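Okay, so here's the structure we're looking at.
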């Protein structure tokens, strides 16, 4: 019996555990990071054979406690530390031969002014750690906003990124095993609202074979450069000049939830297979067209999914509050038109004016 421990017991941790429930030789335990104590974590680490995590936003003291157990941590310590920080992330992307926006390290108000001079306007100022779903970001459109930006999210390490003019946002997700084998899911187009992912579409409309190949090459290069084991996500801007990396998630990702019903092996299952040393499953889609819609703030509109045979509702069992991800709906269909007709029946799940995508 192999015992796998997951740091984090939110929806991602639960879906990781569920994905491998049919394997009688694997036992999964979830560790509640919100109730962390050093003693509790040490006891947890001592009782598992492999350790993984549902989020890279793990405090430095926990990372330090993981160091002596690095031989059973997947993805490894190097990947975790690299992608906890947007500066080291950008440098790792560049080192792996992946295009990114121009960027500048910021540690003071003077640095903000220098970044404006070096990168031009507009630019995006971000905290280097802990920001997600649009948090910890400030778009500077005029030089006069420099002090406001520093007062709002500064007084800590930041990164300034040149603004990228893009046609849409996409992501590519892959799993890499301990022998270096890599499988890649088809790309999705991702539509955000107020910094939060609202829905993902497969196939990404009008995606060229060249850009799919470029994304696959990028994510393979990145995973290989870090000897990565597990599922990894690369968010990409689709631009006239090709794909430009935005951010990396060293884990399963919201935009890949469609793979639970929509692919032969989900991003969750392949993550667990990779870290347990088993062969990876096929990432081939099971349907011609799939969508994933996030349920945000309230679950009431999501009840309409129960009347749609193409819709699969996943509730995370969380208390409702504005901006919180409470669940998701996967729509599986034989064509884009069938998928889109189903989404029209679920339209109250989405904010106004973001459907159709373009």
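Restricting attention to the stretch 210-253, the residues that are assigned to a helix (DSSP H, G or I) and touching a residue at least 12 places away in the same chain (Cβ under 8 Å) total 13. Only a single item in (1) in the same structural domain as residue 263 (by TED's automatic domain parsing); (2) over 20 Å from residue 10 (Cβ atoms); (3) in contact with a strand residue (DSSP E or B) (Cβ under 9 Å, 6 or more places away or on another chain) is not met by residue 354, and it is number (1). Of everything listed in (1) assigned to a loop (DSSP other than H, G, I, E, B); (2) touching a strand residue (DSSP E or B) at 6+ places or on another chain (Cβ under 6 Å); (3) farther than 20 Å from residue 89 by Cβ, the single unmet condition for residue 206 is (2). Looking across the stretch 82-121, the residues that are in contact with a helix residue (DSSP H, G or I) (Cβ under 8 Å, 6 or more places away or on another chain), assigned to a helix (DSSP H, G or I) and surrounded by fewer than 19 Cβ atoms within 10 Å (Cβ to Cβ) come down to 88, 95, 109, 113. The lone criterion from (1) over 20 Å from residue 91 (Cβ atoms); (2) crowded, with 24+ Cβ neighbours inside 10 Å left unmet by residue 236 is number (1).
Within the stretch 19-61, the set of residues being surrounded by fewer than 16 Cβ atoms within 10 Å (Cβ to Cβ) and in a helix (DSSP H, G or I) comprises 34, 35, 38, 39, 40, 42, 43, 46, 60, 61.
The values are calculated or read from the model by the stated rules, or taken from the named source; none is laboratory data. Not measured: the values here are computed from a predicted model. All Cβ positions, glycine included, derive from the backbone under ideal geometry; neighbour counts span all protein chains shown.
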